[in-house]
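Right, one structure below, let's go through it.
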Ligand code: HEM
């Protein structure tokens, strides 16, 4: 093997490693952030997300996190509350405008999930005491699903006020 061949092989290997690193950093960022709406680079948004602390939201505040751009929600975030726990469901493909479950975006959704009905009148209901056993099973099943799948960003003030004495 002469020197030229060795150099060509070396340049090829360095190039391949460089391209591999670029590609794997990109996909790592996407999986971890899971945020299809984020416009900044994925690794930046990972760092941002790690710093976010859970906090209290009022119902009025929660309503602004419905995937529609506004002064209070410039990044079109989508939050859904289940049993008063607020999940970031941004980019899931279910809750964005005109997506299957967009009704839930920015709302406390427990009663609708318990009854398995897509009725806006069932949103933001804080009293679950009249749900039957089957409905409660549905609800806890969905809650577990959300817990497994989504990041928690906080809790709903009105839910805590209404239900905390029962906990
Ligand atoms: C014909 C009726 C329905 C069918 C065939 C259906 C089908 C599905 C399927 C296949 C998924 C899983 C999607 C996935 O993980 O990729 C799903 C998730 C879900 N469904 Fe339905 N569904 C129906 C009715 C409803 C109703 C009435 C509600 C209202 C409470 C509802 C609420 C949800 C929710 C909240 C999720 C979880 C989405 C997530 O992972 O964030 N579904 N449904």
query: If each of residue 144 and residue 60 carries a label point 7 Å out from its Cα toward its Cβ, how far apart are those two points in nm?
result: 3.8 nm
message: Relative contact order for the stretch 35-162: what percent, with Cα pairs under 8 Å and sequence separation of 6 or more?
response: 29 percent
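For the stretch 97-167, what does the alpha-carbon gyration tensor say about shape, rounded, prolate or oblate, given a ≥ b ≥ c as the root eigenvalues, a/c under 1.5 as rounded, and a/b over b/c as prolate?
Cα axes put the stretch 97-167 in the rounded bin.
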field: Spin-label proximity, residue 157 to the stretch 61-76 - amide N less than 11 Å from point 7 Å beyond Cα toward beta carbon
entry: 61-62
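None of the figures in this text is laboratory data; all of them are computed from the coordinates on show. Here the structure is a predicted model, which means the values were calculated and not measured. Every residue, glycine as well, gets a Cβ built from its backbone with ideal geometry; the counts of neighbours run over all protein chains shown.
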